[in-house]
Every structure is written in structure tokens, then in C-alpha cells.
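Since the structure comes first, as C-alpha cells, the remarks are kept for the end.
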There are 2 protein chains.
Amino acid sequence: MSTSPRGQEAARTTTADRLRAFESPCDDCAIRETSVCEVLDPAQLARLRTITTVVRLDPHSTLFQEGEAAEHLSNVVEGAVKLYKLLPDGRRQITGFLFPGDFLGVALNKTYAYSAEAITKLRLCRFPRQRMENLLKELPNLEHRLLEMAGNELVAAQDQMLLLGRKTARERLASFLLMLARRARARGQPENPLPLPMSRADIADYLGLTIETVSRTFTQLRKDGTIALPEQTRVELVNRAKLEELAEGG
Amino acid sequence: MSTSPRGQEAARTTTADRLRAFESPCDDCAIRETSVCEVLDPAQLARLRTITTVVRLDPHSTLFQEGEAAEHLSNVVEGAVKLYKLLPDGRRQITGFLFPGDFLGVALNKTYAYSAEAITKLRLCRFPRQRMENLLKELPNLEHRLLEMAGNELVAAQDQMLLLGRKTARERLASFLLMLARRARARGQPENPLPLPMSRADIADYLGLTIETVSRTFTQLRKDGTIALPEQTRVELVNRAKLEELAEGG
DNA sequence: GTCGTGCGTTGACCTGAATCAACCGGGCCG
DNA sequence: CGGCCCGGTTGATTCAGGTCAACGCACGAC
């Protein structure tokens, strides 16, 4: 809830970063096939690489804050990010979580509409926004891909509005777990048991609930036999049909 | 809340429609300067016009329903539209309202992610999705404009998540009125007193509240002297500073 | 080891908004 | 003209989830 200290300065780019980008070319990038990059041919990828900086960040470091001029766009390579908006009195709404392959900044706005913070250790490919926009003029397939990704984000945003406006706590948590599982599967990661890299507070602020309600609802689903919680940061989806039913308002 | 009867069949395109598109060319279109079309030069506009059908719909007619194959994209020329998602048990979340100049379907998805219904009498410019997508390949500035509009929609969606997840009823209503006023001004329409073309039920389903709570909150703001309600379908923003403060969580 | 700290859970109680119900007024139809 | 229907308002009551408070446990510092 409170402002987090910057674990690492996100804006600075060292020569070492640039070298790293050079050292580890996209060829053996784990997320190439699921990220923006998938539509680029080798020559185009090389073009993109010329404006790319690989950035590593520690957990809790702030990538940027709502309202700042949008200097960079990023592609998440490894780790998890949360995006959030704050009200002046500190109330917080997390508007999204990003995982490997997700793109940060499809909107291409001039200022950031939300703050972004690393949840885990992070590896990003970062692009200066202006240079990226110039590049888009030459690579229409890249622009097309961004539009496609923006469309997917819009669909997800509408689902989230339905969740926040009309679902009960149980339904919210069920929807959340299934969404995480679906996304883990999409990037070929273990989905059951499902890792929960974010804290209960993050889950609460994403679902429009309090920490206590999230905790109680986890307990309730566990007692139901719908899920199991071998550890705090891992859920086993025991009865997935039940979860699906709950998520759709059953 | 219940399924509305189709006031008029939306999918059928008559020769008269096509003629109308021809008769009333874009030159004297009131919304040309604020819609997608603003980026097109006359030759490009002519290209777009070849795939355009002007459609008129009655209030309450369904444009399409969530899950259907997305056959068309539309540009709202006149009137108001609501977009919504339903849960199987009938709970409804309105995800957006569209007014003249707004574009329906920036996401370019293959199936509609929500249902759309006319609130008032409606005039639309409608484009077959597939032909539009082909055209985008030739008109990169049009595609760029769509990406820009998608970005704006994403920002609005994130604001709405903050509203639904974290604001009180008063704050929601204040935010809603200011949003409508801002948009009315942006298209050069009267913003004070502000017309409310949608019903209390629509407002409730947009704000994640019940009809009763919306009504009570209107009354409360009226008794406060923050707004006045000369008619049910019109609000006067008496104390706009107070509204702004409320909307930001004051 | 033990102390402190941060995160999560649980319990008791409270409250903002939902629910249930009555009512009001305008428009439409017979 | 009267009756009815529909949208909106208002009142009484309920309840899901919030708030406040205690506690447990893992982990790191020393």
C-alpha cells in the first residue's frame, strides 16, 4: 500500500547492459515465440535489437510511476511485474500482472497511465519509446502485432470490469486463479500446482477486496476441497470444474 | 437486465443503405474531425467509403451479442450505444458507452467480447471487418490511428477498474458525471446541463451498483448542492470543484 | 538462541451498499 | 377519463465484505 523504495534505479542504462543485449542475442530467447517478437523475421529482429537494452531489476524496484513521461516500452523476459493506480489517500487498484512474454506499454501513450513495480527479480528488453515509434513506421507487421496485443488487453480489461463490478469474493478468486493458470500454460510453465509470486495484498488490490477477505476466501476454498495450499505461494487447483463454475457465477 | 428484443435487424444491409452512404458523403459529416477518419486524406477517405454502409437503428435494438463472429466494425455518427457483458444468472456489467465519433471494435477481434445495444436512435457507419483489415494493410496511418484509439480505450478501462475496485458510490457517480461532461465537451456538445441518455439501471450496471444506490446517491448530491436535476435525463453540475474532489477520492 | 519484523490467518464487530417493499408520477391504451 | 405500466425514488432491513484486533509462524540479524 505504501510507496516502495526503489530497489534499483530503473532509468540508468550502463554499457554493461548494452553489452549483455549484444551477448545474448534473441536466437536463444525463451519467450521469442510468444512475445511481440514472434512476427519479426531475422532482419527485422536485428533492427529491433539495435534499439534494445536488456535491464535487470530487483524485486520491489519501481519501473516507473503513473504520470511520468513514458520514456520506454518493455518486453518482460523473466519475472513478474504489477501495474497499479493509486488514489490520493492511498487506496490502490492493481490493473494487471505481467509475466514473461508480456509487453509493457502497448498503449504507446506519452505519459504512463499507471505505476509499475517488479514483484520478483526481473529481466526486461527495453526500447526507447520514440525510437520504437519510428521503427513502427518501417515495420507495419510490428505495429499490427501491437494492435493485436492491445485488442487482447482490452478484452482482458473488460473481463476484469465484470469481475470488479459484479462478482462475489469467491467468484473473483476463482476467476483469478484460472486466469493465472491459463496464462502459465500459454507460456509453457507449470500450471498445477500454480505459483503465486504476488502477495495477498497484491491479490486483494487486484480483485478489489481486502487482504483479510482474500485470506478467508482461500481458506474457504481449501476447506471446500476446491483448492489446496501446500505453501503460501503455491495453489493446487484440485477441482478445476468447480472453479470454472464459480468463476462464471455458478 | 433482461434480454432486449431486437428493435430492428442489424445484420441486414439494404440497397437503400448503400445509396444513403453515397448520397451523404463524408464532406459534411459532423464527426469527421473527431473520429477515426480524421487521419485520412480525401483519396483515402474515398477508399474507406467504398466499404462503408450507413445504418440507422431504433433505440433498444441489439447491434450484436457477445460471442458472435465479429462481422462489422462501426463508427458512431449519431446517438448513444451501451456495451455490456452478462453472467449466466443475469448480472450485467456495462463496460462502456459510445457517443458520436466513437469507434466500435478497435480490438479487431474475431468474435465480439461484449454485446452492444442502441440507447437512442442511432446512425452508424459500418465496415465489414475483413475488408477493413485488408484496407489497413494499405493505409498504415489508419492502422496507426486505431492503435492510438485502442491506447485511449485501455487508459479509460484502467480508470474504470480503479473506480469499480476502490471507489465509493459517491465517488463513482462523481467520476461518471465528469467523464460524460469531458466527453461531451470533446465533441463540442453541451456539457452543462449534461444530458443523460441512459437509464438509472444502465448507470448502475456501469458503476457496479444497484438502481437504488444510484438514485439515493443522486439525491444526496442534489441535497448537497453539488448537482441539480432539472429533469431525470439531465444533470446540472453546480459545484464542479466538489465533484472533481469527490471523483479523486476526496 | 531470542528478538524483531513482515506476512498471513482468524475472530469479533461494524457498515456501506444490497435487498425487499412501498409508493409516486407520467405516458399510453382502451 | 381511468387504469396500468414503467422508470424512478424512498424507506426498512439484511448481509457481504470491511475494519479492528489478536495471534502464529518463518526468517533474518545479532
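When B:Glu245 is represented by a point 7 angstrom out along its Cα-to-C-beta vector, the spacings to that point in the other copies are 5.1 nm, nearest first.
A Cβ-based charge dipole, computed about the Cα centre of the stretch B:167-247 with Lys and Arg at +1 and Asp and Glu at -1, lands at about 140 debye. Calculated on the alpha-carbon coordinates, the convex hull of the stretch A:147-250 measures out at 100 cubic angstrom per residue.
What is the Cα convex hull volume of chain A when expressed per residue in Å³? Before the final figure, lay out the partial values.
Details: hull volume 32.1 nm³, N = 250.
Per residue, the Cα convex hull of chain A comes to 128 Å³.
Other residues with beta-carbon under 13 Å from the beta-carbon of A:Thr217 carry, at +1 per Lys or Arg and -1 per Asp or Glu, a net charge of +4.
Ligands, DNA and RNA left out, the accessible area of chain B computed with a 1.4 Å probe is 51% carbon and sulfur.
When all protein chains stay in place and ligands, DNA and RNA are ignored, the 1.4 Å accessible-area order of A:Asp102, B:Asp58, largest first, is B:Asp58, A:Asp102. With protein chains left intact and a 1.4 Å probe, residues in the stretch B:167-247 average 46 Å² of accessible area per residue.
Give the average, rounded to an integer, of partner chain Cβ atoms located within 10 angstrom of each Cβ in A:87-93. Could the numbers behind the result be given before it?
Values: counts 8, 4, 4, 1, 7, 3, 10.
Going residue by residue through A:87-93 and averaging, the value is 5.
Dipole magnitude for the protein assembly as shown: about 660 debye, using +1 per Lys or Arg Cβ and -1 per Asp or Glu Cβ, origin at the Cα centre. Each other copy holds its own label point for A:Ala46; taking that point as 7 Å from Cα along Cα to Cβ, the gaps run 4.1 nm, nearest first.
Listed by chain and number, the aspartates and glutamates whose C-alpha is less than 20 Å from the C-alpha of B:Lys137, apart from same-chain residues fewer than 8 away, are A:Glu38, A:Asp41, A:Glu133, A:Glu138, A:Glu143, A:Glu148, B:Glu38, B:Asp41, B:Glu71, B:Glu148. In terms of Cα to Cα distance under 23 Å, which lysines are near enough to A:Lys121, apart from those fewer than 8 places away along the same chain? In chain and number order, the partners are A:Lys82, A:Lys85.
With +1 on the Cβ of every Lys and Arg and -1 on the Cβ of every Asp and Glu, and nothing else charged, how large is the dipole of chain A about its Cα centre, in debye rounded to the nearest 20? Before the final figure, lay out each step's value.
Details: 35 positive and 33 negative charges, 77 e Å.
My answer is approximately 360 debye.
Averaged across orientations, what area in nm² does the convex hull of the alpha carbons in the stretch A:15-156 project? Mean projected area for the stretch A:15-156: 8.5 nm², to one decimal.
State, in square angstrom and to the nearest 100, the accessible area buried between chains B and A, both chains counted, probe radius 1.4 Å. Provide the component values of the computation, followed by the final result.
Numbers: alone 13130 and 13140 Å², together 22470 Å².
So the total buried area for this chain pair works out to about 3800 Å².
What separates the A:Asp58 label point from its copies, with the point 7 Å along Cα to Cβ, is 6.7 nm, written shortest first.
Taking R0 as 22 Å, what FRET efficiency do you get between B:Glu33 and B:Gln189 from their Cβ-Cβ distance, rounded to the nearest 0.05?
Computed FRET efficiency for B:Glu33 and B:Gln189 comes out at 0.95.
For peptide B:139-148, the mean count of partner chain Cβ atoms within 10 Å of a residue's Cβ comes to 4. Of the three principal axes defined by the Cα atoms of the protein assembly as shown, the extents in descending order read 61, 53, 45 Å.
For B:His60, the accessible area of its heavy atoms, probed at 1.4 Å with every protein chain present, is near 110 square angstrom.
The values are calculated or read from the model by the stated rules, or taken from the named source; none is laboratory data. Every value quoted in this text rests on a predicted model; they were computed, and no experiment measured them. In this analysis, Cβ positions are derived from the backbone assuming ideal geometry, glycine residues included, and neighbour counts consider all displayed protein chains. Just the protein is used for accessible areas: all its heavy atoms, side chains included, with ligands, DNA and RNA removed. Shrake-Rupley method; radii C 1.70, N 1.55, O 1.52, S 1.80 Å.
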